[in-house]
Amino acid sequence: MSTYMSDDVTDNAYILHSRAYTDSRIIIEFFTENHGRVAGIFRLPSKKRHFKPQPFTLYTIHWRWGAELKTILFLDPIANAEALVGKASYCGLYLNELVLRLLSKEDPSPEIFAAYSAALKGLVGGQELEAPLRHFELGILAELGYAVDFDFDSSGNPIAASSSVVYLFKVGEGFSLYSVGQKQVGHVYSGAILRDISARNFSNTPVKNAAKQICRACLAPLLGAKPLKSRELFL
């Protein structure tokens, strides 16, 4: 956990979650640009007791350091909320849940913050949902030390950009050359698909499906047995 010399801090932040604390105060979980996840108590303006901070909106927040729950002195929106509707809003909630579940409190993660912001912008319009999610998932895995190498196999050989060369994937081990008749424990993917994922080229369905399957497999041990609530929204 990081420590800071100043008692008062100002930073840019997105709201991950909020809930009522008293009639006049709410608890907000923020994802800040330079201080990681921060939770604090915010007193609602007396004339706006029905005020509810909006997700997917970039705020400037000012808070006072203290115990685990900080005192939020003010929060002002920097820009309008990203217009996420329908399935795009579910995807945004999925991103929020990943941040809440995978990142420790008060551990600065500016690279993940930038990836999160880019993912929200990519979801606007709802035309392409898979690519922004995969970009973020692969990015957060890399920043947490669980990067997947799509360029070299587990023996250190370059992955062939060929649809006829197939690789077996195992979480924590990477890709190994797969031969017909070999015992299959895990999923297999062509080298062409893996190189497309490496290039973040999610323009066709087989690549999208493979990337989703690989990311889900890598995230599973980090997330644990508790199901993600946001995934239930897609059912």
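Work out, step by step, the length gained on full extension between GLN213 and THR22: first 0.36 nm times the residue separation, then minus their alpha carbon distance; give nm to one decimal.
Details: separation 191, 0.36 × 191 = 68.76 nm, distance 4.22 nm.
Full extension of this stretch gives 64.5 nm more.
What is the helix-to-structure angle for 87-102, meaning the angle in degrees between its Cα long axis and the longest Cα principal axis of the chain, kept from 0 to 90 and rounded to the nearest 10?
Value to nearest ten degrees: 90.
Let's test the formula: R0 of 30 Å, r as the Cβ-Cβ distance of SER46 and ASP7. What FRET efficiency results, to the nearest 0.05?
On the way: r = 25 Å, r/R0 = 0.84.
Efficiency, from the Cβ-Cβ distance: 0.75.
Give me the dipole magnitude in Debye, nearest 20, for region 146-235 about the Cα centre, with unit charges on the beta carbon: positive for Lys and Arg, negative for Asp and Glu. Numbers along the way, then the final one.
Working: 10 positive and 6 negative charges, 84 e Å.
Using only the charged Cβ atoms, the result is roughly 400 debye.
How much mean residue ellipticity at 222 nm does the chain get from its helices, if each DSSP H run of length 4 or more adds -39500 (n - 2.57) and you divide by all residues, to the nearest 500 deg cm²/dmol? Don't jump to the answer; show the numbers that get you there.
On the way: 6 runs with 75 residues, N = 235.
About -10000 deg cm²/dmol.
Sum up the charges of everything whose Cβ sits under 14 Å from the Cβ of LEU219, counting Lys and Arg as +1 and Asp and Glu as -1, but leave LEU219 out.
Working: positive: ARG101, ARG134, LYS212, ARG216, LYS226, ARG231; negative: GLU97, GLU137, GLU143.
Local net charge: +3.
Calculated from the structure, semi-axes √(5λ) of the Cα gyration tensor in Å equals which of (1) 46, 17, 15; (2) 39, 18, 15; (3) 49, 17, 13?
(2)
Full extension from ARG231 to HIS187: what is 0.36 nm times the residue separation minus their Cα-Cα distance, to one decimal in nm?
Working: separation 44, 0.36 × 44 = 15.84 nm, distance 2.19 nm.
13.6 nm is the gain from fully extending ARG231 to HIS187.
Considering only protein heavy atoms, what per residue accessible area in square angstrom results for the chain with a 1.4 angstrom probe?
Details: 12500 Å² over 235 residues.
It amounts to 53 Å² per residue over the chain.
Of the cross-linked pairs LYS52/LYS87; LYS52/LYS212; LYS70/LYS212; LYS121/LYS229; LYS52/LYS208; LYS183/LYS226, which ones have a Cα-Cα span greater than 28 Å in the structure shown?
Numbers: LYS52/LYS87 22 Å; LYS52/LYS212 33 Å; LYS70/LYS212 36 Å; LYS121/LYS229 22 Å; LYS52/LYS208 36 Å; LYS183/LYS226 31 Å.
Those over the limit are LYS52/LYS212; LYS70/LYS212; LYS52/LYS208; LYS183/LYS226.
How tilted is helix 130-143 with respect to the longest principal axis of the chain? Cα atoms for both, answer in degrees (0 to 90, nearest 10).
The angle comes out at about 80 degrees.
Indicate the gyration tensor shape class of region 79-172 (rounded, prolate or oblate), computed on the Cα atoms with a ≥ b ≥ c the square roots of the eigenvalues: a/c under 1.5 is rounded; otherwise a/b larger than b/c is prolate and the rest oblate. Spell out each step's value before the answer.
Working: a/c = 2.80, a/b = 1.60, b/c = 1.75.
Here region 79-172 falls in the oblate category.
Treat every Asp and Glu Cβ in the chain as -1 and every Lys and Arg Cβ as +1, leave all other atoms uncharged, and give the resulting dipole magnitude about the Cα centre to the nearest 20 debye. Walk me through the intermediate numbers first.
Working: 25 positive and 23 negative charges, 186 e Å.
Roughly 900 debye, rounded to the nearest 20.
Please determine, in degrees from 0 to 90 and to the nearest 10, the orientation of helix 205-223 with respect to the longest principal axis defined by the Cα atoms of the chain, where the helix direction is its Cα long axis.
60 degrees
The values are calculated or read from the model by the stated rules, or taken from the named source; none is laboratory data. Small disclaimer: the values here were computed from a predicted structure and weren't measured. Ideal geometry is used to build each Cβ from the backbone, glycine not excepted, and the neighbour counts take in all protein chains shown. Calculation scope for accessible area: heavy atoms of the full protein, side chains included, ligands and nucleic acids excluded. Shrake-Rupley method; radii C 1.70, N 1.55, O 1.52, S 1.80 Å.
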